[in-house]
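The values are calculated or read from the model by the stated rules, or taken from the named source; none is laboratory data. Everything numeric here is computed off the predicted structure, so don't read it as measured data. When we count neighbours, we look across all protein chains shown, and the Cβ atoms used for this are built from the backbone with ideal geometry, even at glycine.
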Amino acid sequence: METRFREDVGSVQNLYLGQFRNEMYYDNGTKSTISELDFNADYHPPIRRCWDELHPGPPYRQGGPFRSVKGDDGSKQISKIVTVSSHNLSDPPKNTYVYSYTGAFQPRLGSLGLDYTNFSQIGLSGAYGPTYMDPSEYGAQAWRRFAPKLEFAQLGVAVAEMRDLPRMLQQTAKIFKNTWKSLGGKGSTLFDRREIGRNFLNHQFGWVPFISDIRKTISVTRQFHQHYSQIKRDNGNWIRRSGTYQQSHSIDSFSQTNFGSTDDYFYPCAYFPAAMFDGPYRGTAVKRVISEEKITFSGKFRYWIPSFDSDDTYLLYVRNALQLYGLHISPSLLWEAMPWSWLIDWWSNAGDVLSNLSQSLQYGLGAQYAYIMRNVRKSYKLSVTPYFKYGDNGLICAEGCVSSKRREAAHPWGFDLEWGELSPTQIAILAALGLANS
């Protein structure tokens with residue numbers, strides 16, 4: 001598929017800010033200008049870059065990967081024009097250097113990550129490069145959540161893990177025994193750190209999953225006919241599923257910072273002599289980063305289970321019932337029952353990928369299309385209060401932002417798979433479902 005790249009960068013503009021002066025007033029009422037210095041600042045226009053694919057249309061019936069980033073470093077948000085100085089300009093001292101500045105100030109957001117080195121390469125390299133806010137890592141989990149549910153309990157896993165039940169009961173009995181001994185004033189190992197660790201693991205990875213399996217089994221039993229009828233009704237039909245996978249909003253506030261001559265929170269503050277400021281600090285800076293993120297999923301699924309098309313015999317009915325309870329042998333079941341698989345799933349999405357693969361192998365579950373999308377916006381806000389001896393010490397503010405919109409497309413059998421990894425069986429099922437050309 002032909003890919004396309006577009007960008008809107010614009011050209012850097014130079015803005016006149018104001019003039020700094022060093023003057024001397026004499027007893028005879030005259031004055032001389034020791035030096036004058038003009039200050040200018042660069043304005044960086046917002047940058048937009050976009051990568052997508054070209055598809056036939058309209059109407060457009062296909063989609064693909066999409067990535068759009070844009071940013072604004074807030075460099076055009078200069079303050080109002082003011083006059084600040086080291087002495088009272090209405091009655092300046094005689095034979096003394098008097099420093100003054102008439103002009104505007106430019107807040108600097110570089111301390112928050114919007115320095116121009118990163119900002120100019122947005123979408124290309126650096127902190128905001130090609131991997132910035134990639135949604136691919138959520139693809140397998142989102143597929144598993146939104147795909148049609150064909151198993152509503154994990155009795156197979158529960159049966160496989162029954163081998164651990166005697167050990168769980170023994171550890172729990174030991175807890176009650178030690179608790180009883182502690183209440184009686186006798187020594188016990190109840191609060192021994194190793195024992196605390198064993199008790200926590202016994203609860204977290206023993207009883208919690210065990211009770212969860214019991215609850216799921218009861219729920220399936222109560223809603224058995226509803227689930228069974230739903231699977232039978234949708235068998236072989238297209239099913240659209242979409243929704244929000246994850247959404248967050250956070251604000252990171254940085255404590256007020258009294259800054260000195262080496263901190264350039266607003267330009268050209270760092271170039272002014274200390275005599276212009278009231279005390280050792282040059283101002284107070286307050287920084288905030290507001291993050292908004294939304295991850296969504298959209299897909300069109302189809303599955304086909306032959307036994308649900310002709311379940312007129314008792315044997316087929318029982319087979320379908322076992323499926324609802326999760327009692328079919330599958331790669332996912334073997335994975336879940338394997339010792340320490342939970343530890344691997346803790347650091348990867350291997351369990352989700354295997355579960356999705358098992359669904360495709362067992363039930364021919366596939367998608368005509370499936371997308372994981374991630375929209376992120378980060379707003380960077382800076383508020384500065386300067387400490388000039390004379391003149392306007394009003395608030396100087398600026399706001400910049402970086403936003404990213406990304407979409408990654410799944411293969412018909414899920415995310416994290418390539419066409420070259422499909423087996424002949426999967427390709428045959430794919431053709432039978434009509435996924436390739438529909």
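Scanning region 259-312 for residues that are under 30 Å from Phe20 (Cα atoms) and of a type in the set (A, V, I, L, M) yields Ala270, Ala274, Ala275, Met276, Ala285, Val286. Checked against (1) at pLDDT below 95; (2) surrounded by 16 or more Cβ atoms within 10 Å (Cβ to Cβ), Trp346 passes all but a single condition, namely (2).
Considering only residues that are of a type outside the set (A, V, I, L, M, F, W, C) and under 30 Å from Trp304 (Cα atoms), which ones fall in region 114-150? Scanning region 114-150 gives Pro135, Ser136, Glu137, Tyr138, Gly139, Gln141, Arg144, Arg145, Pro148, Lys149. Pairs are defined by a Cβ separation below 6 Å, a sequence spacing of at least 6 or placement on different chains, a first member in region 77-88 that is in contact (Cβ under 8 Å) with a residue 12 or more places away in the chain and within 20 Å of Glu399 (Cβ to Cβ), and a second member that is aliphatic (A, V, I, L, M) and not in a loop (DSSP other than H, G, I, E, B); the pairs so defined are Gln77/Ala398; Ser79/Ile396. Under the condition of being assigned to a helix (DSSP H, G or I), at pLDDT 55 or above and either out of contact with any Phe, Trp or Tyr (no Cβ under 7 Å at 6 or more places or on another chain) or surrounded by fewer than 17 Cβ atoms within 10 Å (Cβ to Cβ) (or both), the residues counted in region 388-429 number 4.
So, Ser111, is that one in contact (Cβ under 8 Å) with a residue 12 or more places away in the chain and part of a strand (DSSP E or B) or not?
Numbers: in contact (Cβ under 8 Å) with a residue 12 or more places away in the chain: yes; part of a strand (DSSP E or B): no.
Spelling it out, it is not the case that Ser111 is in contact (Cβ under 8 Å) with a residue 12 or more places away in the chain and part of a strand (DSSP E or B).
What are the pairs with Cβ atoms under 7 angstrom where one residue, in region 251-270, is among the small types (Gly, Ala, Ser) and the other, located anywhere, is part of a loop (DSSP other than H, G, I, E, B)? Sequence gap at least six, or different chains. These pairs meet every condition: Gly260/Pro280; Gly260/Tyr281; Gly260/Arg282; Ser261/Arg282; Ala270/Ser261; Ala270/Asp264.
If I ask for residues that are assigned to a strand (DSSP E or B) and of a type in the set (Gly, Ala, Ser), which ones from region 30-89 would you list?
To start, the set of residues in region 30-89 that are assigned to a strand (DSSP E or B) comprises 31-43, 47-53, 66-72, 82-85.
Selection gives Ser32, Ser35, Ala41, Ser68, Gly71, Ser85.
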